[in-house]
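To keep things clear, I will list the structure first and then write my remarks on it.
The values are calculated or read from the model by the stated rules, or taken from the named source; none is laboratory data. Since we're looking at a predicted model, the values are computed, not measured. We place every Cβ from the backbone using ideal geometry, glycine too, and count neighbours over all the protein chains shown. For the accessible areas, the whole protein counts, side chains as well, though only heavy atoms, and no ligand, DNA or RNA atoms are used. Shrake-Rupley method; radii C 1.70, N 1.55, O 1.52, S 1.80 Å.
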Amino acid sequence: MTTVTMIDYGLGNVRSVQKALEHVGAEVALTADPDVIRSAGKLVLPGVGAFGAGMAALRERGLVPAIQEAVEQGAALLGICLGMQLLFEESEERGKHRGLALLPGWVVRFPVNDLKVPHVGWNRIEHDGDHPLLAGVPSGAYAYFVHSFYCAAGDPDDVIASTEYGLRFPAIASRGNVAGIQFHPEKSQHVGLRILRNFVQATGGNA
């Protein structure tokens, strides 16, 4: 059984993500211990809430360097919702905040228009189907979103699935052994579970 180390930093839907990972065959180790994180082979960074609060919680627990070192050593890291946003360089949510800088780009608010913000509900994810995380997930499948900010990827090649909501934004981004999912896979039924299963079953440091 594959062990997935889930980072517990006091924010997020930890329990529901843990149950979803266990459902697809993972053994989940929930931890806030920097040494455990440094030595992990597969990491999940969940989260809901504000970007600044998330980074502050990671820093207070000494987890920022631990996460960065784990990734440098080849661990596969999957960020979910706020966890995806924290992977990027900077956010404009309630001021300017530095992120983990594992993916190039910024986190910005949806523009003011006729669409409701936050973006809440089911929406299509579209992709070309050539990334292992998306194996068995058809382009156009629906996933469940809840967010007011989106990731503006610095490199378009990092965007492996996108969604349209007033503009097109990354639903999933990936670079090497780091990946992020903007929607909630644990709430996205078979689509989300398939993506989590693909992450759990991936070999080596692939994310």
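Couple of notes before you dig in:
- Taking the numbered list (1) over 17 Å from the mean Cα position of the chain (by Cα); (2) modelled with pLDDT of 95 or more in turn, D158 passes all entries but (1).
- Beta carbons closer than 9 Å, at least 6 apart along the sequence or on distinct chains, pair a first residue in region 52-70 that is of a type in the set (D, E, K, R) with a second that is open to solvent by less than 10 Å² (accessible area, probe 1.4 Å) and part of a helix (DSSP H, G or I) for E69/I37.
- If the condition is being within 17 Å of R197 (Cβ to Cβ) and either in contact with an Asp or Glu (Cβ under 9 Å, 6 or more places away or on another chain) or of a type in the set (S, T, Y) (or both), then region 24-42 contributes only V28.
- Strands (runs of 3 or more DSSP E) within region 153-207 that include 2 or more residues open to solvent by 10 Å² or more (accessible area, probe 1.4 Å) and among the hydrophobic types (A, V, I, L, M, F, W, C): 159-164
- Which listed residue is modelled with pLDDT of 95 or more, surrounded by fewer than 21 Cβ atoms within 10 Å (Cβ to Cβ) and not in a strand (DSSP E or B), from G129, G136, G121: G136
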